Amino acid sequence: FAVTPLCSPSRANILTGLYTRNHGILDNTDRSVPSHQLQTFARQLQASGYNTGFLGKWHMGNDPTPRPGFDTWVAMKGQGEAVDPELYENGRLGRVKGYVTDILTERAVTFISAPRMKAFLLMLSHKALHPNMLQRADGTVISIGEGGFIPADRHKTLYADQTPPRRANYGVPPRGKPALERRIAGLAPLGKGTVTPDETIRDRLRMLAAVDEGLGRMLEALEKRGILDKTVVILVGDNGYFYGEHGLSEERRLAYEESIRLPLLVRFPPKVRGGSKPEAQALTIDLAPTILDLAAAKPLEGIDGRSLVPLFAAKGTPDGWRRSFLIEYNT
């Protein structure tokens, strides 16, 4: 689960193991605590001798310059762009031709394939599933740019004849939720008229297809080097989307299951039982201590999360594991 289902705070939750109130990245535009100062699992691994790399959407401040803890840094300003993105790479900003997911995948495969004696960490943070945004120089969002959610050309007709699956609460307006039942001038009340358009959902899934292909290429690169089964592979999101549930579309920072529940896939044969599906509650703040635990690196001090390693081999939920957690959002 995401403890703050919004891009920037959630990314900081993952990196630091801290709740949002403790790391200080409060929303997608907050600048009061620069992310250059965050104590992250990457800094710990780098201090332990790891060769570390970050690729993609940092999105904690629009400043794309390198953050502490990463030897290799390829990042975009703010939300970034889907086509011909501007990347901060090799010490400067420059345009790179192509589709952003494919570009980042190429950089990831290059990083994985590089000869090295050290263990390594690669954090790949895709632009994919985020819309093309138009922004002012100060980072203020003006509107969704041309095309909205932009898939790769090869995927533009994927799922064209398919209707997205519906949950039972699709188009059903909230009841007993005063904040969501308010009447706001110029906005229709939540219901079937405010759901996400099917083509928007299909475009998001089309964007995801390039991510899936990229993951396959990275796994192949690890296998080619003979280190696939020695490498921890973690796939996670930062927040969910509403696809018309409760009549919601654009919003995602509400404490509903659709927004807070995330995919979390972990592959590491030495310690993760293949095919297992632990049922205990795992949170975004648990990822930093989990990664450091698996790497046998020095833990971060004073964090809110806990290592998930005890869940990987267990056939049930360990005694004393959490049964509740806090979802927070700063207005």
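Here are some notes:
Condition check ((1) open to solvent by 10 Å² or more (accessible area, probe 1.4 Å); (2) out of contact with any Cys (no Cβ under 9 Å at 6 or more places or on another chain); (3) more than 28 Å from R204 (Cα to Cα); (4) not in a loop (DSSP other than H, G, I, E, B)) across all residues:
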site	(1), (2), (3), (4)
H36	yes, yes, yes, yes
Q44	yes, yes, yes, yes
F54	no, yes, no, yes
G69	no, yes, yes, no
A75	no, yes, no, yes
Q79	yes, no, no, no
L93	yes, yes, no, yes
V109	yes, yes, no, yes
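- Residue within the stretch 49-57 that is farther than 14 Å from F111 by Cα and in contact (Cβ under 8 Å) with a residue 40 or more places away in the chain present: yes
- Only one of the listed residues (L104, L124, L158, L134) is in a strand (DSSP E or B) and at pLDDT 95 or above. That residue is L124.
- Residue match in the stretch 223-232 (condition: of a type in the set (S, T, N, Q) and touching a residue at least 40 places away in the same chain (Cβ under 8 Å)): no
- Exactly one residue out of P165, P151 is farther than 30 Å from M117 by Cα, modelled with pLDDT of 95 or more, of a type outside the set (F, W, Y) and not in a strand (DSSP E or B), and it is P151.
- Selection from the stretch 168-187 of residues that are surrounded by 11 or more Cβ atoms within 10 Å (Cβ to Cβ), out of contact with any strand residue (DSSP E or B) (no Cβ under 6 Å at 6 or more places or on another chain) and assigned to a loop (DSSP other than H, G, I, E, B): G171, V172, P173, P174, K177
For (1) farther than 19 Å from R11 by Cα; (2) of a type in the set (G, A, S), each residue gets a yes or a no:
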position	(1), (2)
G49	yes, yes
K57	no, no
M60	no, no
P85	yes, no
E106	yes, no
R116	yes, no
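The values are calculated or read from the model by the stated rules, or taken from the named source; none is laboratory data. All values derive from a computational prediction rather than experimental measurement. Using ideal geometry, Cβ is built from the backbone for each residue, glycine included, and neighbour counts are taken over all protein chains shown. Note: accessible area is taken over every heavy atom of the protein model, side chains too, but ligands, DNA and RNA are not part of it. Shrake-Rupley method; radii C 1.70, N 1.55, O 1.52, S 1.80 Å.
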